[in-house]
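Quick note: the coordinates plus some simple rules give every number you see, no bench work behind them. None of these values were measured; they are calculated from a predicted model. Positions of Cβ are backbone-derived with ideal geometry, glycine not excepted, and every protein chain shown enters the neighbour counts.
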Amino acid sequence: MAPALHFQLLERCPHSAARVGALDTPHGRVQTPLFMPVGTRASVKGLDPAQLAEVGTQVVLANAYHLHLRPGEEVIRELGGLHDCMGWSGPILTDSGGYQVFSMADIARVDESGVRFRSVVDGSKVELTPERAVDVQRALGADIAMAFDHCPSNPLEREQVELATARTGRWLERCVTRWRSAGGHESEQALFGIVQGGAFADLRQRSVEEVVAHDLPGYAIGGVSVGEQRDAMWTAVEACAPLLPEDKPRYLMGVGTPLDLVQAITHGVDMFDCVTPTRHGRNHQVWTSAGRMNLRNKRWMRDDSPLDPDCDCSTCARFSRGYLRHLCTVGEMLAGSALSVHNLRFFHRLLEEARAAIPAGAMPALLARVAELETRRP
């Protein structure tokens, strides 16, 4: 059986580490760099699969921790797996739940065996271990599964980061053993290792060495965008990305804004996920070719122009700014859905522009334009 995932490097940028690639998965080929909308509970809030495909989505992310709690991975398996349940024919990546170690630090007990906590659903005892995380994701049927990692709660506290980074390495070894026992490279699910190390370049470099020693199908940079300053995030990215294998996809987890994406692409990152476009849409904030907009602002009340005249999404084709503002102010569900459609299209178009700019040597110009756009308010 052929490997579940194959990455091919197609183009390079003459001015940076940016690259264009093709990623073959059991559910089709996708182009990188790419952005993955977050469907935490096997659904991108307010959007159906047809809308996701229409705006240019190639891969969707779901969260194994949340699906393990409800409805349970065995229920998903009995219903045909994530693809059948979601009605999504493209690739799916599942996060393992390692981030929840960070987010539930005040109620979870973490030790060498794994993480234990009470379910937020029914109060029952839950234990996540590296082996369990692999088993859950296999039952869900994702194309790409993430290793179970320990994300430190404070990326600037060296003692805590050292402990979490070392534990991530040991947990990865257990994840790999479990994954390979079920077929490894010959299975229909690829496993990505996660690099930790907080804001410390030496710990990041040490973690890269430990993770890539396992020769996995892909690698992720984790433990960023967890409340640290932007400088700390870029310390992590700049320390990790150049050391990750060129012939494997590089995934920056949980990032970010349009400017974050383009900057990370120049460092050689291929894959991204973040709740930003859909969460901001539900909170009536949008990115446009003229800058950031708050649709609740009274200035848009009688504006009959499209949300963004330069956008080709269905929201911009159908609705005026004035009507969208009305939906926002009266709390209509259509507001969050329509604005999420636009924001996702904006993000996907940006990545499409990057894929065209990289071989043309135009990434510096794209980066400058996006940086300038970040400060503009129409």
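Considering only Glu209, Glu238, Glu78, the mean-square fluctuation computed in a Gaussian network model of the chain, springs between alpha carbons under 10 angstrom, is largest for Glu78. When the P(r) is computed for the range 281-374, the part past 21 Å accounts for 33% of the Cα-Cα pairs. Treating r as the C-beta distance of Gln8 and Thr375 and R0 as 22 Å, the FRET efficiency rounds to 0.05. Charging the Cβ of each Asp and Glu at -1 and of each Lys and Arg at +1, and nothing else, the dipole of the range 6-274 about its Cα centre rounds to 240 debye. Summing Lys and Arg as +1 and Asp and Glu as -1 over all other residues whose Cβ lies under 13 Å from the Cβ of Asp111 gives a net charge of +2. Summing +1 for each Lys or Arg and -1 for each Asp or Glu among the other residues whose beta-carbon sits under 12 angstrom from that of Val212 gives -2.
Cβ distances below 4.7 Å define possible disulfide partners, and in the chain the cysteines left without one are Cys13, Cys85, Cys151, Cys175, Cys240, Cys274, Cys313, Cys328.
Exactly which trypsin sites (Lys or Arg not before Pro) in the range 288-317 are in a DSSP loop and have at most 10 other Cβ atoms within 10 Å? Passing both the DSSP loop test and the Cβ count: Arg302.
Distances between placed amide hydrogens fall under 5 Å for Gly223 paired with no residue 5 or more residues away or on another chain. Listed by chain and number, the aspartates and glutamates placed with their C-alpha closer than 16 angstrom to that of Lys45 are Glu54, Asp273, Glu332; residues fewer than eight positions away on the same chain are left out.
Estimated purely from DSSP H runs of n ≥ 4, each contributing -39500 (n - 2.57), the mean residue ellipticity at 222 nm for the chain is -12500 deg cm²/dmol once divided by its residues. Ordering Ser96, Ser119 from the fewest to the most neighbouring beta carbons within 10 Å gives Ser119, Ser96. Residue-normalised convex hull volume from the C-alpha trace of the chain: 135 Å³ per residue. For the chain, the longest principal axis of the Cα atoms and the long axis of helix 230-240 meet at an angle of about 50 degrees.
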